[in-house]
Amino acid sequence: MDKLLTKAKFITTHTPRSSVVPVFRQTFVPRNAVISAVLTITARGIYEARINGTRVGKFLFAPGWTSYKTRLQVQTYDVTKMIEQEVCIDILLGSGWHYGHIQLEKFAVICDPCVIAELNVVYEDGTSECIVTDESWMYSKTPILFSDYYDGEIYDANVTYGDWKPVVITDGKREALIEQEGEIVTAIEELPAINYFITPKGERVIDFGQEVTGFVCFRTVGEIGSRISIDHAEILDKDGNFYNENYRSAKSNITYITDGDTEKWYHPVFSFQGFRYIRLTEYPSKDVYVGDFRAVVVHSDIKRTGWFSCSDPLVNRLYENVIWGQRGNFLDIPTDCPQRNERLGWTGDAEVFCRTAAYNYDVERFFAKWLRDLEADQAESGAIASVVPNMLWDPDGAFAWGDAATVCPWEIYRAYGDPKILARQFNSMMKWVNYVYNKGNGPEAWGGGNQYGDWLSLDAEEGSCYGATSHQLLATAFLSYACDLLIKAGRVLGRDMAVYEARRREVGETFVQHFVDENGWLTSDTQTAYVCALRFGLAPDVPRYAAHLAELIKNNGNKLKTGFIGTAFIMEALSENGYADVAYSLLLQKEFPSWLYSVRKGATTIWEHWDGLKPDGSVWSKDMNSFNHYAYGAVASFMYGTICGIQPDEEHPGYANIKIAPIPDARLDWAHAMLDTRHGTVISGWEKCEGGYRISVTVPDGATADVTVGDKTEHVAGGTYEYFLNA
């Protein structure tokens with residue numbers, strides 16, 4: 001790769017970490033007719049480039065979030081059509097992920113916020129010119145008086161550029177520059193406000209009907225100096241009042257100071273929020289029109305690839321909640337939530353949701369970029385931080401969370417079929433497995449250190465976030481699983497995996513020795529323990545364990561008692577072992593705790609807690625209670641992979657050969673799924689009919705499929721096929 005931005009210098013201001021957003025400016029006059037103009041640019045912080053007042057590109061919050069110590073993405077824009085007889089280049093610089101509140105202040109500012117750019121111009125006469133950031137640039141204040149991801153933005157429309165000062169040259173760590181790897185973040189769509197009302201407390205509130213990640217765009221009103229101040233929230237409390245205490249210290253406020261122009265539309269430039277409702281804390285008009293407010297949906301520009309629907313409208317709403325949860329949290333990195341003072345790349349959430357993510361959207365490039373950051377932040381010991389990019393600096397690494405190092409590369413390979421992801425991540429995968437295995441001799445060491453266990457499990461003790469399943473049992477199970485995935489990856493790459501095959505056998509034997517009692521049962525009698533034993537190939541008696549898992553669920557009223565770990569794998573553990581009917585019972589359960597409980601409570605995304613809102617309408621907690629947390633949305637893989645039966649063949653990944661084995665259930669009248677793959681569109685659906693079910697399958701040309709209906713499997717080429725399954 002050629003070195004990037006070799007001619008330019010990093011520039012900053014005299015007060016580089018000010019909350020005021022500066023603008024950097026350079027002007028020039030093209031000396032001939034222009035046939036090509038390319039802007040190459042990046043920043044420590046987030047930037048917006050403008051040429052003659054017009055925004056360059058549609059990348060919001062560029063250059064994105066990476067492991068800034070070693071990786072800073074550089075963007076390139078073709079701006080030929082923007083070049084006029086006189087050219088004014090402006091670059092605004094916000095705090096973003098680099099030096100804002102999100103950096104926890106005490107940790108991660110690598111260097112001063114700064115910008116570096118080159119505009120390469122080629123003229124019709126064959127000559128060229130390169131305008132670079134250097135000492136000749138000037139900077140000024142802007143109308144953006146404050147900007148921060150957590151706290152929001154203050155914009156004074158009465159402030160104009162002026163009092164220009166020469167820039168300061170600084171060290172922006174040029175060695176970290178890399179080409180753009182991830183998908184860009186952009187505005188995807190706009191949602192109109194659907195309702196305006198006065199709460200019982202007398203506050204003015206607007207409802208957009210759907211929780212989104214992005215920002216509000218509104219028409220400005222009021223005389224010069226009037227203030228429009230907006231707060232954001234996900235929910236209303238049980239009395240119907242605006243509630244945002246769960247945002248914790250994130251102020252999430254947008255304030256606009258008007259200049260008297262009522263024909264403008266404004267939205268934040270360098271801040272985003274997670275919200276469904278807004279409160280007009282200050283608004284200079286007694287009249288409020290919903291048509292003056294829009295919610296702009298922002299996320300990584302990933303392509304939708306999967307669709308599911310069925311005869312149950314509650315299940316369909318749940319599925320839509322999964323989609324919105326992914327959209328709201330796939331903003332450059334896979335975040336846990338988009339609203340409170342967190343919004344971090346939690347590895348555990350990404351690990352449990354990765355398979356579902358790859359059904360819903362094309363996330364190959366999205367995860368490839370994030371996994372490079374995971375590797376960049378991986379400790380020399382092999383430990384993986386619990387968040388990537390690493391903001392928490394936890395030294396130990398946690399099972400299930402750190403296992404994103406092995407799970408995510410394999411799931412991306414499984415879905416898209418390109419072994420390059422395995423080749424790039426293999427050393428990281430191996431280092432993680434070695435790290436956990438070498439922590440000590442056995443489960444006590446493997447499960448030691450900073451662990452989350454079956455996080456937020458319903459079998460936890462009162463007031464605890466840690467589930468009842470033994471951390472040592474889970475750590476051993478996940479080490480076994482990590483070995484399995486590493487071995488699979490090694491075999492794809494033609495590696496000798498004998499050492500890890502032996503290690504896998506050892507870990508499996510250790511699991512039985514330590515966690516299976518004299519009667520053959522697990523020492524942790526929890527749903528999650530049996531889920532992991534079945535899902536990770538550790539059950540000494542699979543039929544007995546599967547029956548017991550089903551019994552645990554039925555004895556609990558056909559309800560879950562699982563957290564982040566157990567929930568992610570429970571549906572497959574049941575359906576792969578003859579208990580798809582029990583999995584359906586979990587899916588269709590309407591009472592707390594269940595997926596449909598939140599739907600009946602009005603959820604439009606996936607909740608962090610099963611009881612984020614309790615049955616009486618009260619809030620579970622204000623400290624850790626996100627209403628847009630996608631992890632439990634992993635249930636959608638059951639909709640695609642079991643209800644409609646669409647799965648990739650790991651021997652022929654990327655859906656080159658497709659496993660299609662739908663499992664209908666009489667409690668639904670029909671179900672239908674469609675998936676765009678690298679080989680074309682796969683369709684599988686069924687409907688009840690007299691005596692059974694009609695099943696229809698479409699296999700794309702150029703692919704093959706193994707279609708299983710009942711106990712019969714047929715290998716087919718591209719085409720559409722009809723089957724009948726007896727009830």
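Details
- Of the GluC sites (Glu not before Pro) found in region 441-504, those that fall in a DSSP loop while having at most 16 other beta-carbon atoms within 10 Å are GLU461, GLU462.
- Once the C-beta distance of ASP669 and ASP541 is scaled by a Förster radius of 45 Å, the resulting FRET efficiency is 0.75 to the nearest 0.05.
- Quotient of the Cα radius of gyration of region 482-641 and 2.2 N^0.38 Å, N being its number of residues: 1.19.
- Mean projected area in nm² (Cα convex hull; one quarter of hull surface) for region 172-235: 8.7
- For region 186-300, the number of Lys pairs separated by eight or more positions or lying on different chains, with C-alpha atoms closer than 23 Å, is 5.
- The distance from the alpha carbon centre of region 526-564 to that of region 653-719 is 28 Å, rounded to a whole number.
- This model, with +1 at the C-beta of Lys and Arg and -1 at the C-beta of Asp and Glu, gives the chain a dipole about its Cα centre of some 580 debye.
- Extent along principal axes [Cα atoms of region 186-300; Å; largest to smallest]: 37, 37, 28
- Radius of gyration and Dmax over the Cα atoms of region 377-488, both given in Å: 14.3, 46
- Were the residues from ARG495 through LYS165 laid out at 0.36 nm apart, the gain over their Cα-Cα distance would be 112.9 nm.
- Of all lysines in the structure, those lying under 21 Å Cα to Cα from LYS659, and not within fewer than 8 positions of it along the same chain, are LYS488, LYS712.
- In the chain, the DSSP-assigned H stretches of four residues or longer account for a calculated mean residue ellipticity at 222 nm of -7500 deg cm²/dmol, using -39500 (n - 2.57) per stretch and the full residue count as denominator.
- Of the Cα atoms belonging to region 629-676, the radius of gyration and Dmax stand at 12.1, 34 Å.
- For the chain, the alpha-carbon radius of gyration amounts to 1.00 times the rule-of-thumb value 2.2 N^0.38 Å expected for a compact globular protein.
- In plain terms, the bigger the Kirkwood radius, the slower the diffusion; for region 343-408, with that radius from Cα pairs, at 37 °C and 0.692 mPa s, Stokes-Einstein puts D at 279 µm²/s.
- For LYS3, the lysines whose Cα comes closer than 27 Å to its Cα, not counting residues fewer than 8 places off in the same chain, are LYS58, LYS69, LYS81, LYS173, LYS369, LYS420.
- Diffusion constant of region 306-643 at 20 °C, which comes from Stokes-Einstein with the Kirkwood Cα-pair radius and 1.002 mPa s, µm²/s: 107
- If the Kirkwood radius is taken over C-alpha pairs of region 10-180, then at 20 °C and 1.002 mPa s the Stokes-Einstein diffusion coefficient equals 130 µm²/s.
- Length released on extending from ASP418 to GLU551, taking residue separation times 0.36 nm less the Cα-Cα span: 43.8 nm
- Nearest-20 debye value, region 162-223 charge dipole, Cβ charges on Lys, Arg, Asp, Glu: 340
- Cβ charges +1 (Lys, Arg) and -1 (Asp, Glu), total dipole of region 65-171, debye: 520
- Region 14-107 - Debye-derived log10 I(q)/I(0), Cα point model, q = 0.22 Å⁻¹: -1.14
- Listed by chain and number, the aspartates and glutamates whose C-alpha is less than 17 Å from the C-alpha of LYS165, apart from same-chain residues fewer than 8 away, are ASP90, ASP134, GLU135.
- Neighbour-limited loop hits for trypsin sites (Lys or Arg not before Pro), region 212-275 (at most 14 other Cβ within 10 Å; DSSP other than H, G, I, E, B): LYS238, LYS264
- The value of relative contact order for region 76-203, using C-alpha pairs under 8 Å at least six residues apart, is 19 percent.
- Cα-Cα separations in region 657-726 greater than 15 Å, expressed as whole percent: 49
Every number here is computed from the coordinates shown, using simple stated rules; none is lab data. Since this is a predicted model, take the numbers as computed values, not measurements. FYI the Cβ positions are ideal-geometry reconstructions off the backbone, even for glycines, and counts take in every protein chain you see.
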